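Colleague: Can you keep this structure in mind? I'll have questions shortly.
The values are calculated or read from the model by the stated rules, or taken from the named source; none is laboratory data. Since this is a predicted model, take the numbers as computed values, not measurements. Every residue, glycine as well, gets a Cβ built from its backbone with ideal geometry; the counts of neighbours run over all protein chains shown.
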Amino acid sequence: MKTIEIEDSLALTVCMKQAVAFERGLGARVWDEQGRAWLDFTAGWGVTSLGHSHPAIVAAITEQAGKLMQNPNSGFTYSPVRAKLLQQLQPLLPAGLHRVFFANSGAEANDAAVKLARKVTGRERVLAANSSFHGRTLATLSLSGGPENGARFSPQVPGNDFVPYGDIAALRRAIGDDVAAVILEPVQGEGGVRVAPPGYLQSVAQLCHRHGALFIADEVQTGFCRTGSFFAVDDADVQPDILTMGKGIAGGFPFAAFAVSDAVAAGVAKGDHGGTYCGNPLGCAVASAVVAFLVDNEIAARVAQLGLRALADLHLLAQRYPELVREVRGKGLLIGLQLHNDAQVTALASLCLDRRLLVTPTRNAVLRLIPSLLLEQQEWEEGLAILADALRALSAATQHAGRAA
Ligand SMILES: Cc1ncc(COP(=O)(O)O)c(C=O)c1O
């Protein structure tokens, strides 16, 4: 039986929109079972930030796997590789965030952040933004999208309220002295690549501090150079009380973290949070290799530069198809093309896939491009040419359908 047939009949959930099974990857490319190469502008939901199977990651896994994968008991033992990663992160974290806890996924990091915010403040209410995405655990789902999003899993975790993203007046009206935390993405990824308006994050932090609430910056998607600075809040000159990390932190190995201020750390006691695999040596070794590579090779600056070039190219392309593209936006290599409706996005993504360019449709009629941070100029141009051809085909098909109607 073919891979696709096996998964189709045995996996709990299957995605058969495009019948393709990938076997291997290298850099910005992946190869399917037929040996055909595809250009990957998804980076596996923004995870493989150094590209697929980067030698530094493969070496770190191989070396650490041969030494120690899981600490005998991390409750009372120290780990050299965890200590090394903590030291590497320290100068990169926003000022004031001195204590770090490692986790296994972005959702888990956010879940813990909100849980600890409630404990430390002694308050229940948490504010999140409409169109947000913080994960799929019960608590993070209850903080994602809007009040209706988690309705099919009712009852949701109570105590959450939603405000429109980027609207500081709305947050001012919603916040009060009963709020434990405000959790926001500096750029909403799943919600359609919505960049926080200038000054918004700073005002959010100020409002939080005025009301004794904690500001949680969810940098699971934006962190580790994705938006052209090490963390997106660096560029906004903001100091959150808690910052959550995931995805690009270990370039493809499941790993995540959250960092907290000393004041938050003071309210956390042993046993408040933990998990069997949290901070395991293998994950720490991979994250350590990724962080070293990002810093040593000044990847943030590279991403900022390529991101500007990409946005300029896309703006020019979009001008040719106003009937399809409403807006091009993004930061660094987190880029979205907002079309007029979701059907157009589905059609465009499908045309890209036909041409072996992998892209991610996301909410609010946006096609998201989130490639490897090491994407070469020539690979960008190749993807851009495919996208241009897909837009041309979609425009022609739309006009044809219009004439036939
Ligand atoms: C901003 C943000 N937070 C949290 C998550 C959840 O991360 P994970 O899928 O690792 O649980 C995601 C995943 O897309 C995300 O984009």
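Colleague: What pairs come out if I take residues in the stretch 20-45 that are closer than 23 Å to E381 by Cβ and pair them with residues that are hydroxyl-bearing (S, T, Y) and part of a strand (DSSP E or B) whose C-beta lies under 7 Å away, six or more apart or interchain?
Modeller: Filtered contacts from the stretch 20-45: T42/T360.
Colleague: So is R368 closer than 23 Å to L26 by Cα, at pLDDT 95 or above and either within 17 Å of the chain's Cα centre (by Cα) or in a helix (DSSP H, G or I) (or both) or not?
Modeller: Values: closer than 23 Å to L26 by Cα: yes; at pLDDT 95 or above: yes; either within 17 Å of the chain's Cα centre (by Cα) or in a helix (DSSP H, G or I) (or both): yes.
Taking the combined requirement at face value, the residue satisfies it.
Colleague: Using beta carbons and a limit of 8 Å, which pairs, at least six apart or on different chains, have the first residue in the stretch 222-247 and not assigned by TED's automatic domain parsing to the domain that holds G332 and the second one within 12 Å of the ligand (Cβ to nearest atom) and acidic (D, E)?
Modeller: T222/E185; F231/E219; A232/E219; V233/E219; L243/E219; T244/D218; T244/E219; M245/E219
Colleague: In addition: Here is a check on your reading of the model: is A318 modelled with pLDDT of 95 or more and more than 19 Å from the chain's Cα centre (by Cα)? Spell out the reasoning first.
Modeller: On the way: modelled with pLDDT of 95 or more: yes; more than 19 Å from the chain's Cα centre (by Cα): yes.
It is true that A318 is modelled with pLDDT of 95 or more and more than 19 Å from the chain's Cα centre (by Cα).
Colleague: For the stretch 132-153, enumerate the residues that are among the polar types (S, T, N, Q), surrounded by fewer than 23 Cβ atoms within 10 Å (Cβ to Cβ) and either in contact with a strand residue (DSSP E or B) (Cβ under 8 Å, 6 or more places away or on another chain) or closer than 23 Å to R173 by Cα (or both). Reasoning before the result, please.
Modeller: Quick first cut of the stretch 132-153, residues among the polar types (S, T, N, Q) only: 132, 137, 140, 142, 144, 149.
Imposing the further condition that a residue be surrounded by fewer than 23 Cβ atoms within 10 Å (Cβ to Cβ) reduces the set to 137, 149.
Once the filter is applied, which keeps residues that are among the polar types (S, T, N, Q), surrounded by fewer than 23 Cβ atoms within 10 Å (Cβ to Cβ) and either in contact with a strand residue (DSSP E or B) (Cβ under 8 Å, 6 or more places away or on another chain) or closer than 23 Å to R173 by Cα (or both), the stretch 132-153 yields only N149.
Colleague: Going by what's in this entry, would R355 be described as in contact (Cβ under 8 Å) with a residue 60 or more places away in the chain, surrounded by fewer than 20 Cβ atoms within 10 Å (Cβ to Cβ) and not assigned by TED's automatic domain parsing to the domain that holds V195? Don't jump to the end; show me each part of the working.
Modeller: On the way: in contact (Cβ under 8 Å) with a residue 60 or more places away in the chain: no; surrounded by fewer than 20 Cβ atoms within 10 Å (Cβ to Cβ): yes; not assigned by TED's automatic domain parsing to the domain that holds V195: yes.
So R355 fails the test.
Colleague: Here's a follow-up. Give just the number: which of (1) among the β-branched types (V, I, T); (2) within 16 Å of the ligand (Cβ to nearest atom); (3) more than 22 Å from the chain's Cα centre (by Cα) does V114 not satisfy?
Modeller: (3)
Colleague: Can you find a residue in the stretch 139-155 that is under 15 Å from P240 (Cβ atoms) and away from the ligand (no atom under 16 Å from the Cβ)?
Modeller: If we filter the stretch 139-155 for residues that are under 15 Å from P240 (Cβ atoms), which is where we start, we get none.
No, because not a single residue in the stretch 139-155 is under 15 Å from P240 (Cβ atoms) and away from the ligand (no atom under 16 Å from the Cβ).
Colleague: Restricting to the stretch 321-377, give me the number of residues that are under 16 Å from Q221 (Cα atoms) and among the polar types (S, T, N, Q).
Modeller: Matching residues across the stretch 321-377 total 3.
Colleague: What's the total number of residues in the stretch 234-245 that are part of a loop (DSSP other than H, G, I, E, B) and at negative phi? Walk me through it before giving the result.
Modeller: Here is the first cut: in the stretch 234-245, the ones part of a loop (DSSP other than H, G, I, E, B) are 237-241.
Okay, now just the ones that are also at negative phi, so 238-241.
Going through the stretch 234-245 one residue at a time, the tally reaches 4.
Colleague: Looking at (1) within 16 Å of the chain's Cα centre (by Cα); (2) over 27 Å from P254 (Cα atoms); (3) among the hydroxyl-bearing types (S, T, Y), can you tell me which one S132 breaks?
Modeller: (2) is the only condition that S132 fails.
Colleague: Name the residues in the stretch 75-89 that are within 29 Å of Q239 (Cβ to Cβ) and either outside the structural domain of F258 (by TED's automatic domain parsing) or not in a helix (DSSP H, G or I) (or both), would you?
Modeller: Listed by number, the residues that qualify are Y78, S79.
Colleague: If you check L68, L92, which single one turns out to be of a type in the set (A, V, I, L, M), assigned by TED's automatic domain parsing to the domain that holds E190, in contact with a Phe, Trp or Tyr (Cβ under 8 Å, 6 or more places away or on another chain) and more than 16 Å from the ligand (Cβ to nearest atom)? Walk me through it before giving the result.
Modeller: Numbers: L68 fails: in contact with a Phe, Trp or Tyr (Cβ under 8 Å, 6 or more places away or on another chain).
It is L92.
Colleague: Inspect the stretch 153-168 for any residue being at pLDDT 95 or above, assigned by TED's automatic domain parsing to the domain that holds D237, touching a Pro at 6+ places or on another chain (Cβ under 9 Å) and part of a helix (DSSP H, G or I) and give the result as yes or no.
Modeller: Yes.
Colleague: Output the strands (runs of 3 or more DSSP E) that fall wholly within the stretch 2-58 and possess 1 or more residues being surrounded by 17 or more Cβ atoms within 10 Å (Cβ to Cβ) and of a type in the set (V, I, T), or say none. Spell out the reasoning first.
Modeller: Values: elements: 22-26, 29-32, 37-40.
Correct list: 29-32.
Colleague: Let me ask something additional. Which of the residues belonging to the stretch 118-138 are within 16 Å of the ligand (Cβ to nearest atom) and more than 16 Å from E185 (Cβ to Cβ)?
Modeller: Selection gives T137, L138.
Colleague: Mind checking whether some residue in the stretch 220-231 is part of a strand (DSSP E or B), crowded, with 22+ Cβ neighbours inside 10 Å, polar (S, T, N, Q) and under 13 Å from the mean Cα position of the chain (by Cα)? Outline the logic, then answer.
Modeller: Pass one, the stretch 220-231, residues part of a strand (DSSP E or B): none.
No, the stretch 220-231 contains no residue that is part of a strand (DSSP E or B), crowded, with 22+ Cβ neighbours inside 10 Å, polar (S, T, N, Q) and under 13 Å from the mean Cα position of the chain (by Cα).
Colleague: In contact with a strand residue (DSSP E or B) (Cβ under 9 Å, 6 or more places away or on another chain) and either more than 16 Å from the ligand (Cβ to nearest atom) or of a type outside the set (S, T, Y) (or both): does that describe D262? Spell out how you get there, then give the answer.
Modeller: On the way: in contact with a strand residue (DSSP E or B) (Cβ under 9 Å, 6 or more places away or on another chain): yes; either more than 16 Å from the ligand (Cβ to nearest atom) or of a type outside the set (S, T, Y) (or both): yes.
Criteria met by D262.
Colleague: When you go through G146, G176 one by one, which is the residue that is within 16 Å of F215 (Cβ to Cβ), part of a loop (DSSP other than H, G, I, E, B) and in contact (Cβ under 8 Å) with a residue 12 or more places away in the chain? Before you say what the answer is, go through the steps one by one.
Modeller: Working: G146 fails: within 16 Å of F215 (Cβ to Cβ).
Checking each option against the conditions leaves just G176.
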